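Engineer: This is the structure I want to talk about, given as structure tokens.
The values are calculated or read from the model by the stated rules, or taken from the named source; none is laboratory data. This one's a predicted model, so the numbers in the text were calculated from it and none came from an experiment. FYI the Cβ positions are ideal-geometry reconstructions off the backbone, even for glycines, and counts take in every protein chain you see. When the accessible area is computed, the model is the full protein with side chains, heavy atoms only, and any ligands, DNA or RNA have been set aside. Shrake-Rupley method; radii C 1.70, N 1.55, O 1.52, S 1.80 Å.
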Amino acid sequence: MQPSALAPAYIRTIAPYQPGKPISELAREMGLNEADIVKLASNENPLGISPKARNAIAGAIDELALYPDGNGFELKLAIVDKLGVEFAGIGMAGVVLGNGSNDVLELVARAFLAPGTSAVYSQHAFAVYPLVTQATGATGVEAPALDYGHDLAAMRQAIRDDTRVIFIANPNNPTGTLLAATALHSFIASVPEHIIVVLDEAYGEFLDAGLQAPSVSWLAEFPNLVLTRTFSKAYGLAGLRVGFALAHADVAGMLNRVRQPFNVNSLALTAATAALSDVDFLAESKRINDAGMAQLVQGFQRMGLAFIPSYGNFVCVKVGAAAAVFQELLKRGVIVRPVGNYGMPEHLRVSIGLPEQNLRFLTALGEILVRA
Ligand SMILES: *Cc1c(COP(=O)(O)O)cnc(C)c1O
């Protein structure tokens with residue numbers, strides 16, 4: 001007997017998460033120079049790290065022999081301050097910090113799911129929802145998508161008696177689709193109170209102000225609502241792993257019970273606190289993203305390629321045999337993300353880069369499609 005047979009069936013059958021290909025790996029495989037490789041595969045910030053965060057990290061290195069503040073006091077205070085969380089009747093007790101927001105998504109699953117319960121999410125939604133659901137022994141219920149986005153009516157219908165959690169990504173990754181705030185609000189209001197609704201807003205900072213849902217204020221209305229945010233995308237701190245959830249203190253208390261005492265390291269705490277105050281960097285991140293999105297969309301239109309209009313820092317383009325095109329791009333030193341595992345075998349997801357990186361991708365894609 002293999003030792004793996006000792007793991008419960010629901011663990012053995014988990015399909016592992018497929019991360020974007022690291023630059024160093026492609027360099028090794030293809031004998032390329034790392035400096036010549038463009039990675040547009042993991043929705044990372046092409047501007048790098050915020051200068052304020054960089055300074056904060058430099059100042060915190062001398063304290064690395066000490067455990068971090070397991071309570072994350074400074075960062076929670078900054079979050080409450082910045083997001084107007086007090087206003088929603090949620091104080092610092094309603095903030096839960098995570099080792100990336102993936103961590104808080106997992107905390108929700110571990111706190112509220114177990115064998116005999118289920119979680120609902122959409123087709124083509126973020127891959128972490130089925131993963132964290134299955135790891136608890138709960139059943140994942142996938143609602144069919146509508147035009148690649150969440151179909152809220154279908155999600156409402158998918159709710160079962162044993163459903164305890166609903167996951168929604170807005171904007172969604174990998175499709176980039178956005179739900180209107182009014183529709184989202186009605187949906188949350190229609191969900192029975194014994195079901196936790198997770199609204200994952202990892203890409204919220206890239207939205208124009210007029211499109212941002214007033215989700216923080218909804219916390220005052222819905223004790224079963226959990227918002228998740230991350231420092232990995234617009235704030236440029238993906239490598240440090242830091243994100244958070246906002247929820248009623250009662251829900252936050254459950255998440256904290258299953259949280260590792262020191263789940264967020266001290267450099268991440270310090271950097272995230274500084275990054276929150278770096279409004280210039282955030283504005284520049286959005287500006288470069290808007291410009292890059294326009295550049296890619298124009299390129300797709302010129303090549304006659306269909307794409308899914310996106311509200312994130314990435315866009316899915318339909319290229320036909322995407323797995324083969326992905327391989328051809330790799331040969332040219334361009335890493336993007338195939339999304340066959342999301343049920344989209346004809347699309348590639350490309351993250352928005354700097355203008356010259358976007359151009360590298362468009363040029364390589366053009367070459368490949370002409371030859372095909
Ligand atoms: C990138 C992403 C996250 C954030 O992941 P981190 O763990 O914070 O790096 C969360 N949700 C979605 C939908 C994402 O695409």
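Engineer: Inside region 92-144, counting only strands (runs of 3 or more DSSP E) that do not spill past its ends, which hold 1 or more residues that are within 14 Å of the ligand (Cβ to nearest atom) and over 19 Å from VAL251 (Cα atoms)?
Structural biologist: Passing ranges, in order: 118-122.
Engineer: Separate question: Check whether at least one residue in region 104-119 is open to solvent by 90 Å² or more (accessible area, probe 1.4 Å), over 23 Å from the mean Cα position of the chain (by Cα) and assigned by TED's automatic domain parsing to the domain that holds LEU219, and report yes or no.
Structural biologist: The answer is no, given that none of the residues of region 104-119 is open to solvent by 90 Å² or more (accessible area, probe 1.4 Å), over 23 Å from the mean Cα position of the chain (by Cα) and assigned by TED's automatic domain parsing to the domain that holds LEU219.
Engineer: Go through region 296-319 residue by residue and tally those that are over 24 Å from the mean Cα position of the chain (by Cα) and either at pLDDT below 95 or of a type in the set (S, T, N, Q) (or both).
Structural biologist: Total meeting the criteria: 2.
Engineer: Of all residues in region 155-170, how many are in contact (Cβ under 8 Å) with a residue 24 or more places away in the chain, out of contact with any Asp or Glu (no Cβ under 7 Å at 6 or more places or on another chain) and not charged (D, E, K, R)?
Structural biologist: Total satisfying the criteria: 6.
Engineer: Is it the case that ALA268 is among the aliphatic types (A, V, I, L, M), within 11 Å of the ligand (Cβ to nearest atom) and either assigned by TED's automatic domain parsing to the domain that holds ALA41 or crowded, with 24+ Cβ neighbours inside 10 Å (or both)?
Structural biologist: Yes; evaluated as a whole, the condition is true for this residue.
Engineer: Separate question: Does ARG164 qualify as being in a helix (DSSP H, G or I) and of a type in the set (Lys, Arg)?
Structural biologist: Considered against the rule, which asks whether it is in a helix (DSSP H, G or I) and of a type in the set (Lys, Arg), ARG164 comes out as no.
Engineer: Which numbered condition trips up SER215, out of (1) buried (at least 22 other Cβ atoms within 10 Å of the Cβ); (2) within 14 Å of the ligand (Cβ to nearest atom)?
Structural biologist: Of everything listed in (1) buried (at least 22 other Cβ atoms within 10 Å of the Cβ); (2) within 14 Å of the ligand (Cβ to nearest atom), SER215 misses just condition (2).
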